[in-house]
């Protein structure tokens, strides 16, 4: 995903002289091509994220299109006030990219985990929040974000993510994509957990339950049309995210659901991380499993919920 | 513009700020008075700006990083003609736009950044300076910082990056009035030696009397040095400058002048009520 990000930016930078890339002392080799092709438009801002975000705002206020890149906690929680005031209050077009989001850097410990970013960025006025499932969605997210007039946050993984096969190539901010059709239950996924969600759907299919899988690459604004359709059609709807069960995509959908006049058919189930810091060491795979973010666990829980709903 | 004329504008602006504070119960009077001369020199001697074209891409930019100096900025922008002086009658009124800190550029012409949370203005100014270079535009960026504001780590992050990037279209004034909200800035976070700090951070730094219009004009008129360094001007100022009973008395960080005090202040300044 990181490589696709660098590649896409290099291409886009050649066509758009307003595009500048700000990095917080990471990705040196990664951006060599960008630097080559877009001379004078790469800024290593050092390990000083508050300043980096302010600099990006100053650039955006002066007609440039800055893209700010570093590891997720440092481009979100570390400089949250600069995002709120400099980017969102001024409503300037800055694209903030958090790499290694969720539990991607599980082995680095909780300082490098990011299971709160969707929650804290979603609440900011003017902010668009996206979590692409794979490098195809990532490239689409960046291109769409560059057409926005306000700030956009994009959380991405690290490397080696699977590409999700899709029939729908029509990408719009705030419009979810149906990745798999199904009539019994619906799984709403976001970000790089999508292969796990699809695997869970396969397991459910083997047990005779057909699951629709929906990619919510945009967390804000929510695709309310799709949600209305999904929650009035399916008895069991699950939201799967590599993020705290508080305040992320599930939180957003639950808020939306509670505000609806019509009673929805769907029971909403959340898969996400617990409200805690993970103190033991482990890989991303280990960490996901610890919080039940495995195809097996998701399929089992959905199976049980579907069985009890159809009784 | 002659020095006498600049000094006259500064007196007039001071009179208006004090009147506004009295009328609208706006605090930070001491902080607003200490930076009047710097801002008058910057706006009326140096900046290449056209109130008819507030978004001109080639304009010079001024960032009031110490956003609580907004009452001074509002008076100056009105005097420059960005909006009618009568518009300031709505200062502090419900539903108005003139708050205790500057609004965003989209909401008031002449404003370059909405400041108020300290430590934000310098990074934004640096971004503007770098954007000028990236776009081959020949504009200058001036930022005004408070000495208390230099407590913020982001100021020093920006200072390091400006030096690393060899930015030479950025000038910072530090309104060194020796006070912050609760005490002497030297005592709260050991600010001194301030000019040495900027120098050590790679800036072309100097010290001046921030109320001496001649020195201010001189420092703003210097040929831009070719050393590829940003410029820091540590301007020694007096909080509450211009009114004897307010000078260097930190009570005026929050105190509001009475009708009698306003009249007395206007008399001292030699400006009309």
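Read-outs: derived from the displayed coordinates by stated rules, not from any lab. For clarity, every value in this text was computed on a predicted model and none was experimentally measured. We place every Cβ from the backbone using ideal geometry, glycine too, and count neighbours over all the protein chains shown.
Being without any contact (Cβ under 8 Å) to a residue 24 or more places away in the chain, under 17 Å from the mean Cα position of the chain (by Cα), within 11 Å of chain A (Cβ to nearest Cβ) and under 21 Å from residue B:76 (Cα atoms) is a property that residue B:115 lacks. When residue B:166 is tested against the conditions (1) out of contact with any helix residue (DSSP H, G or I) (no Cβ under 6 Å at 6 or more places or on another chain); (2) closer than 21 Å to residue B:26 by Cα; (3) part of a loop (DSSP other than H, G, I, E, B); (4) more than 8 Å from every other protein chain (Cβ to nearest Cβ), the lone failure is (2).
Can you tell me which residue in region A:257-286 is surrounded by the fewest Cβ atoms within 10 Å (Cβ to Cβ), limited to those that are out of contact with any strand residue (DSSP E or B) (no Cβ under 8 Å at 6 or more places or on another chain) and farther than 23 Å from residue A:297 by Cβ? If we take residues in region A:257-286 being out of contact with any strand residue (DSSP E or B) (no Cβ under 8 Å at 6 or more places or on another chain) and farther than 23 Å from residue A:297 by Cβ, then A:261 is surrounded by the fewest Cβ atoms within 10 Å (Cβ to Cβ). Summed over region A:18-52, the residues that are facing another protein chain (nearest Cβ under 8 Å) and out of contact with any strand residue (DSSP E or B) (no Cβ under 7 Å at 6 or more places or on another chain) give a count of 5. As a summary of the residue check, residue B:86 satisfies the conditions (1) without any contact (Cβ under 8 Å) to a residue 24 or more places away in the chain; (2) within 11 Å of another protein chain (Cβ to nearest Cβ); (3) not in a loop (DSSP other than H, G, I, E, B) except for the one numbered (2). Could you say whether any residue in region A:257-276 is more than 24 Å from residue A:134 (Cβ to Cβ) and touching a residue at least 40 places away in the same chain (Cβ under 8 Å)? Yes, region A:257-276 has at least one match. Of the listed requirements (1) within 18 Å of the chain's Cα centre (by Cα); (2) more than 14 Å from chain A (Cβ to nearest Cβ), residue B:65 misses just one: (2).
Output the residue which, of all residues in region B:68-83 that are touching a residue at least 12 places away in the same chain (Cβ under 8 Å) and more than 21 Å from residue B:117 (Cβ to Cβ), is nearest to the other protein chains (Cβ to nearest Cβ).
The extreme case among them is B:82.
Could you run through region A:173-228 and say how many residues are assigned to a loop (DSSP other than H, G, I, E, B) and surrounded by 24 or more Cβ atoms within 10 Å (Cβ to Cβ)? Of the residues in that region, 3 qualify. Among residues of region B:132-158 being touching a strand residue (DSSP E or B) at 6+ places or on another chain (Cβ under 8 Å) and within 12 Å of chain A (Cβ to nearest Cβ), the one that is farthest from residue B:72 (Cα to Cα) is B:134.
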